[in-house]
Amino acid sequence: MATNKKAESNGAPSRPLNLPGNRIVTLDEFIIRSEKDFDYATGELTGLLRDIGVAAKIINREVNKAGLVSILGVADGAENTSGDMQQKLDVYANEKIIECLQNSGECCAIASEENDSILQIPSVGSKQSKYVVMFDPLDGSSNIDVNVSVGTIFAIYRRKSDPEGPANVNDFLQQGSKQVAAGYVLYGTSTILVYTTGNGVNGFTLDPSIGEFCLSHRNMRIPENGKFYSVNQGYYSKFDLEMRRYVDNCSDQNYGLRYIGSMVSDIHRILIQGGIFLYPSTRKYPKGKLRLLYECNPLAMIVEQAGGTAINTQLKRILDMDPKELHQRCTVAIGSPAMVEELRAFIERYSALPL
Ligand code: P6P
């Protein structure tokens, strides 16, 4: 099994890539240079990451002109597996990612927020891919019509099933700590692709003039502490006691509240400025709203690789959670280590639950 020689638990690469400091480094070049970090790398992971980069450029093109074409609004009454009204653009994004992954055949199956069950990807030629890909094609898509940034989130795992046969759901029901790679694309004031293969986190900003993602955020490290907390304060009265006490504490400490309602955007800000993102249990979502497999796990890997912490509100490490079904929800507290530890103290002190 290919292993990453340099994966560090705290995400600090033992030896960052030796990259030129004085010229553009494209995503493709970076991925190819990084390939040598993996023993027995066969180029499939490289191909997968490049496929995702292509899909991101295609989605970006449509997101950027969504207001100009009839791609806004809700897809003709369709609902996704979450019961959310499917926006036309997230249906489009889902189709484009699947097409890109099908073209190269670098993965044997996919799972998406927009699809009830897994989708087999026919092998191209004699290739028997060893990877599966999970993704939320357009997270925060309800924000599209009001021009708020949205994102794509992806996770890549090695399949566990017999390579001679079809993939099955157990190839996807793996702990987040088994992710081979994880990342997101944020379609915001600029479009940035951030990913990790277990050897630190790097960000690539799309340069529309050349149509390339270019290295812009090298070896990202989250600040140890922060002055912003990110939670939907509108649910305050529905929070458990420990969460209300923690939110009160944030207010007492004059932390700023920043909540975009698009997880990728909130997490990206926290990666750069520090802070904590929370989606605890609420009356509507007693197990939390966010999806473990294709939202929380990939973002938890990114944040941990950048030196941060990601737990659920029962104080379990997100990446150690055992998934039971594809679209499983979970509570989440993710961000600067010092702020997550501060929350942990409140949960230990006020929680009525056996922790
Ligand atoms: P609420 C977007 O719908 C999303 O899945 C995340 O991107 C975001 O953080 C969260 O839900 C917002 O949920 O309940 O605060 O509107």
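The values are calculated or read from the model by the stated rules, or taken from the named source; none is laboratory data. All of these numbers come straight from a predicted model, not from anything done at the bench. Positions of Cβ are backbone-derived with ideal geometry, glycine not excepted, and every protein chain shown enters the neighbour counts.
Quick notes on this one:
- Among the conditions (1) more than 23 Å from GLY53 (Cβ to Cβ); (2) touching a Pro at 6+ places or on another chain (Cβ under 9 Å), the only one that ASN199 does not satisfy is (1).
- Some residue of the stretch 233-245 being within 16 Å of the ligand (Cβ to nearest atom), closer than 26 Å to VAL194 by Cβ and not β-branched (Val, Ile, Thr): no
- Flag not set for LEU173, criterion: outside any loop (DSSP other than H, G, I, E, B) and crowded, with 17+ Cβ neighbours inside 10 Å.
- Close pairs (7 angstrom Cβ cut-off, 6 or more residues apart or separate chains): in the same structural domain as VAL194 (by TED's automatic domain parsing) in the stretch 14-39, modelled with pLDDT under 90 and in a strand (DSSP E or B) anywhere: ASP37/ASN4; PHE38/ASN4
- Leading residue by the ranking (farthest from the ligand (Cβ to nearest atom)) among those in the stretch 280-302 that are touching a Gly at 6+ places or on another chain (Cβ under 7 Å) and of a type in the set (A, V, I, L, M, F, W, C): MET301
- Annotation: of all residues in the stretch 261-303 being in contact with a helix residue (DSSP H, G or I) (Cβ under 7 Å, 6 or more places away or on another chain) and surrounded by fewer than 24 Cβ atoms within 10 Å (Cβ to Cβ), the one that is modelled with the lowest pLDDT is ARG283.
- Residue check for PHE277: more than 16 Å from the ligand (Cβ to nearest atom), of a type in the set (Phe, Trp, Tyr) and outside the structural domain of THR152 (by TED's automatic domain parsing): no
- Test for GLN174: is it over 15 Å from the mean Cα position of the chain (by Cα) and either at negative phi or basic (Lys, Arg) (or both): yes
- Where GLY308 falls short, out of the listed (1) within 14 Å of the ligand (Cβ to nearest atom); (2) under 16 Å from the mean Cα position of the chain (by Cα); (3) of a type in the set (Gly, Ala, Ser): (1)
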